[in-house]
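What follows draws every value from the coordinates through simple rules; no lab data is involved. All figures in this text were calculated on a predicted structure; none of them were measured in a lab. Cβ placement follows ideal geometry from the backbone for every residue including glycine, while neighbour counts extend to all protein chains displayed.
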Amino acid sequence: MSDLIATIDHNLQHGAADPFFQRKVMYDNVPVEALQEFRRMSGAQAQSLLERLDKWLSQHDRDTRPETGGTGQVRTGIGIYYFEEDIAPPKPSGKKS
């Protein structure tokens, strides 16, 4: 969580001059029935992206590849998180028993 807060703070302090990537996708009227598929799909695609980025970073990390060279020492990465929130109680179906 501290990395997300630091990214928000950086973007507030530096504005458009040097922004860090910070995005989300969200809709506020999705039916409960769609959640299972979205969880599955978002998890699979997020995992795939993180694996590709991990592979790239591992090729540039001097702990695992000392021959990489370069100057300075920076901690960098990207975080992805899932969220959901009930907005309103379920509406009655209108059927009478």
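Just a few scattered comments:
- Taking amide H atoms as placed 1.01 Å from N in the peptide plane, the amide H of Ile78 has no partner under 5 Å among residues 5 or more positions away or on other chains.
- Rough spin-label spacing in nm, given labels placed 7 Å along Cα→Cβ, for Ser58 and His10: 2.4 nm
- FRET efficiency, 1/(1 + (r/R0)^6) with R0 25 Å, evaluated for Leu49 and Asp28 via beta carbons: 0.55
- Here is the size of segment 30-86 from its Cα atoms: Rg then Dmax, 17.0, 52 Å.
- About the centre of its Cα atoms, segment 1-82 shows a dipole size close to 120 debye [charges on the beta carbon of Lys, Arg (+1) and Asp, Glu (-1) only; nearest 20 debye].
- Extension gain from Ser2 to Arg75, taking 0.36 nm per residue of separation minus the Cα-Cα distance: 24.9 nm
- Size descriptors for the chain (Cα atoms only): Rg and Dmax, in that order, 20.2, 73 Å.
- For the chain, the residue among Gly43, Ala17, Leu57 whose Cα projects farthest onto the positive side of the dipole built from Cβ charges is Gly43.
- For segment 54-63, putting each phi into the Karplus relation 6.51 cos²θ - 1.76 cosθ + 1.60 with θ = phi - 60° gives couplings of 4, 4, 5, 4, 4, 6, 10, 8, 6, 5 Hz, in residue order, rounded to whole numbers and with x for Gly and Pro.
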